[in-house]
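Remarks on the structure that follows.
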Amino acid sequence: MRHIIAVLLENEAGALSRVAGLFSARGYNIESLTVAPTDDPTLSRMTLVTNGNEEIVEQIKKQLNKLIDTVKVFDLTEGPHIEREMMMIKVRAAGENREELKRLADIFRAKIIDVTDTSYVVELTGASKKLDAFIDAVPTGLIVEVVRSGPTGIARGDKGLTL
Amino acid sequence: MDMNGVDLSGAEIVVQALIDEGVEYVFGYPGGAVLHMYDALFKQDQVKHILVRHEQAAAHAADGYARATGRCGVCLVTSGPGATNAVTGIATAYMDSIPMVCISGQVPTPVIGSDAFQEVDTVGITRPCVKHNFLVKDVRDLATTLRKAFYIAMTGRPGPVVVDIPKDVTDPNIKIPYHYPREIQMRSYQPIERGHLGQIKRAVELMLQAKRPVLYTGGGVVLGEAAAQLTELARLTGFPLTSTLMGLGAYPMTDPQFIGMLGMHGTYEANMAMHETDVLIAIGARFDDRVTGKIEHFCPHAKIVHVDVDPSSISKNVRVDVPIVGQVASVLTDMLGLWKEQAPASTGRPVADWWAKIEEWRRVDCLHYDRHSDKIKPQFAVETLYQVTKGDLYLTSDVGQHQMFAAQFYPFDKPRRWINSGGLGTMGFGLPAAMGVQLAFPQAQVACISGEASILMCIQEMATCQQYKLPIKVVLLNNGYMGMVRQWQEFFYESRYSNSYVDALPDFVKLAESFGHVGMRVERPADLAAAMQEAFAMKDRFVFLDVVVDPTENVYPMIAAGKGQHEMHLPPSLSDRELA
């Protein structure tokens, strides 16, 4: 099963490589990993997406907790949560494709943020599946470049993952 | 003298921090990046520096010191090759959860990343084999970082911590006021002390109902200083007790309730008891693959209680029914309290039948060997060592057959007496580890049991032993082979002894003598006891005892990799006997 795990880490040099190293050393799957400082500059928040059976995911959480720089670990997929990923996709937009791609962006509530005579850059935010769906919907051969942030997430409700 | 508030250089801060931590010995080897620290060491006499002959030995010696004393071992190495040489020793300590602080020099901060002379990314290289590591880039962080390093190394599940210090951070000309924090609070690191009482209650209820219980104990009992509580629990419950390689001595091995080591080379009775048990109480043990054998066959009938200080050890390899996270000593104390409250109602518990079964297995005599051989059997050598030393010995070991024979045939009655590399299985560990032990206990009998392959991996340390007059006794079980490799090749590769014969061995007697030590060689069983007595009578000399043993002897019982606990090879001399 797919899990989205949020980790609060001390914002120390090398903290990211400790997490990345843990996954490679123990052979855990890692689909994506994003990290940035929080409103408290001494803390970073990392969101990682992983796959595995319950035993493996349980171990992943324990091993993450065991890292000395880890302050908190929270599995967002254990409760109601919101997942968002941002994508910028550059597409060939000439001739009849130009109007088609514009319509597609509107349907997905995406924004066109750069325009040339022959291309668009489309920005789209949503759950990863929505981004996948957009890529699938772009006619074959028109994609020039895809940049995805990897998912981030937050739990629903009034409780926060803070200290 | 209280140095708080006094202006000190980074190098002086390091030394003062070691003094404030109560460090007796630093095992190290100088080099460019640590010269400021060596100069600061030179100017004081509270912390003694032991000059090893290879950085691997510095880490092993610090490790041996830590294992024997329960205190933190400390080593000091230079940048680049100094640090990489120490990595084997650091990884050894990591796998066995040994508290150690390793201080490494680093090239000056302005040239980090420029492939400078003797530069290596020490923090990067050691990351997967340390509990934590630090690169200190500012002298103002030095004291606090060192305090954190000792705190992290010693608390929770212990482990090695590397503190990498660039040369400019130890600059003797830059001085700042010294403040060494007494207490450390870390929001990201809060070791668990007490176990959950509800869980401990559940465990005790299971134990009260058990018909075929087994206590399975590991190195965590030794590390957690819980031998006394374990012994009381075993006595009160009357349960049979088996131990991993790392836990030997936490419960007296000469006691009849001890049913031997378990696992790959464990006893028949211990492994059969594991296979048949209905309630397994795992205490400070981590279900290592050398213990479990094939997981599908592991304790098929058992409800499992697991006490461990490290949550990630629980249900890692084997799913358990009652996990208890906490310090072993604290959990066992709570468990004893509950047992005493509840047990009187159920006296005359039915484990007598279980013991009868175990005694039946015991009668198989799985450690049987030929006592009438005209060659020295390695088992006989270990038994003789036990008799000569009367069980009062710190025994370090290298890795291989001799290690298993020692574990099987030298019954340790106290914790911290059996010192070996269990997790990483590091050949070359024994001799430098013995140096750490002997320095910690100058009056104690300290021996290193080894093989002729292992001993050559850190043989240079005979020079260190000479310099510091360490009266260690090396007991070399010399069979001319990498015995354990040879054994596997015999069993699983149709006796194709690929590169396991140690050709061109040195004359160990002359070698020892060339370092200024005493060398002895024994070839006949009848001469062995007298030779050992002579060696141990030389209380102020390092003696190298080269014992020529039967080259074809194998370690039995043996569970082949991938087999279940009940599928043991027994000694060939027993194979015609009907087994239970």
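Side notes on the structure shown:
- Cα-projected label distance for B:A343 with B:E205, points at 7 Å along beta-carbon direction, nm: 2.0
- For peptide B:233-245, the mean count of partner chain Cβ atoms within 10 Å of a residue's Cβ comes to 0.
- In this structure, the amide hydrogen of B:E567, modeled 1.01 Å from its nitrogen in the peptide plane, lies closer than 5 angstrom to no residue at least 5 positions away or on a different chain.
- For the residues of A:61-68, the average number of beta carbons from a partner chain within 10 Å of their own beta carbon is 5.
- The angle between the Cα long axis of helix B:10-20 and the longest principal axis of the Cα atoms of chain B comes to about 40 degrees, rounded to the nearest 10.
- Each residue of region B:33-44 is assigned a 3J(HN,Hα), and the resulting list reads 6, 10, 4, 4, 5, 5, 5, 5, 4, 4, 8, 9 Hz, derived from the Karplus form 6.51 cos²θ - 1.76 cosθ + 1.60 (θ = phi - 60°), x at Gly and Pro.
- Directionally averaged shadow of region A:23-84, computed from the convex hull of its alpha-carbon atoms, nm²: 4.9
- With respect to chain A, whose longest principal axis is taken over its alpha-carbon atoms, helix A:15-26 is tilted by about 80°.
- Each of the peptides B:30-40, B:331-341, A:51-61 was scored by the mean count of other Cβ atoms within 10 Å over its residues; in descending order, highest first, they stand as B:30-40, B:331-341, A:51-61.
- Equivalent-ellipsoid semi-axes for chain A (Cα gyration tensor, √(5λ), whole Å, largest first): 35, 16, 15.
- Counted over chain B, the DSSP beta bridges are approximately 10% antiparallel.
- 3J(HN,Hα) along region A:127-136: 5, 4, 5, 5, 5, 4, 5, 5, 4, 5 Hz, from the Karplus curve 6.51 cos²θ - 1.76 cosθ + 1.60 with θ = phi - 60°, whole Hz, x for Gly and Pro.
- DSSP beta bridges in region B:378-555 [antiparallel fraction, %, rounded to 5]: 5
- Shape analysis of region B:335-486 based on the Cα gyration tensor places the equivalent ellipsoid semi-axes at 35, 22, 14 Å, largest first.
- Among beta bridges that DSSP assigns inside the protein assembly as shown, antiparallel share in %, nearest 5: 40
- Scalar couplings 3J(HN,Hα) for region B:394-406, obtained by applying the Karplus form with A = 6.51, B = -1.76, C = 1.60 to θ = phi - 60°, are 9, 10, 9, 9, 8, 10, x, 4, 4, 5, 5, 4, 5 Hz; x denotes Gly and Pro.
- Taking amide H positions as modeled 1.01 Å from N, with prolines and chain starts lacking one, the residues under 5 Å from B:R521 and 5 or more places away or on another chain are B:D546.
- Among B:523-529, B:206-212, the peptide with the highest mean count of other Cβ atoms within 10 Å heads the list, and the full ranking is B:206-212, B:523-529.
- Computed log₁₀ I(q)/I(0) - Debye formula, equal Cα scatterers, no solvent, the protein assembly as shown, q 0.07, 0.08, 0.11 Å⁻¹: -0.58, -0.74, -1.22
- Relative exposure of B:E183, B:E513, A:E10, A:E99, judged by other C-beta atoms within 10 Å (fewest first): B:E183, A:E99, B:E513, A:E10
- Part-to-part distance (alpha-carbon centres) for region B:440-472 and region A:16-55, which is given in Å: 44
- For region A:82-152, the pair-distance distribution built from all alpha carbon pairs, in bins 10 Å wide starting at 0, is 21, 59, 18, 2 percent.
- Amide H within-cut-off set for B:V101, under 5 Å, with H built and near neighbours excluded: B:G73, B:V74, B:C75, B:V161
- For region B:178-242, the Cα-based Rg and Dmax, in that order, read 17.2, 61 Å.
- Helix B:81-95 axis, angle to chain B major axis (alpha carbon atoms, nearest 10°): 30
- As a proxy for reagent exposure, ranking A:D114, A:D132 by other Cβ atoms within 10 Å from fewest up yields A:D114, A:D132.
- Arranged from fewest to most other beta-carbon atoms within 10 Å of their beta carbon, B:R417, A:R84, B:R235 become B:R235, A:R84, B:R417.
- Calculated P(r) tail over 18 Å for region B:1-112, as whole % of Cα pairs: 48
- Quarter of the Cα convex hull surface for region B:197-362, i.e. its orientation-mean projected area (nm²): 8.2
- Using the alpha-carbon positions of chain B, Rg (one decimal) and Dmax (whole number) come out as 24.6, 78 Å.
Values quoted throughout were computed directly from the atomic coordinates according to the rules given, and no laboratory measurement underlies them. This one's a predicted model, so the numbers in the text were calculated from it and none came from an experiment. Cβ atoms come from the backbone with ideal geometry, glycine included; neighbour counts cover every protein chain shown.
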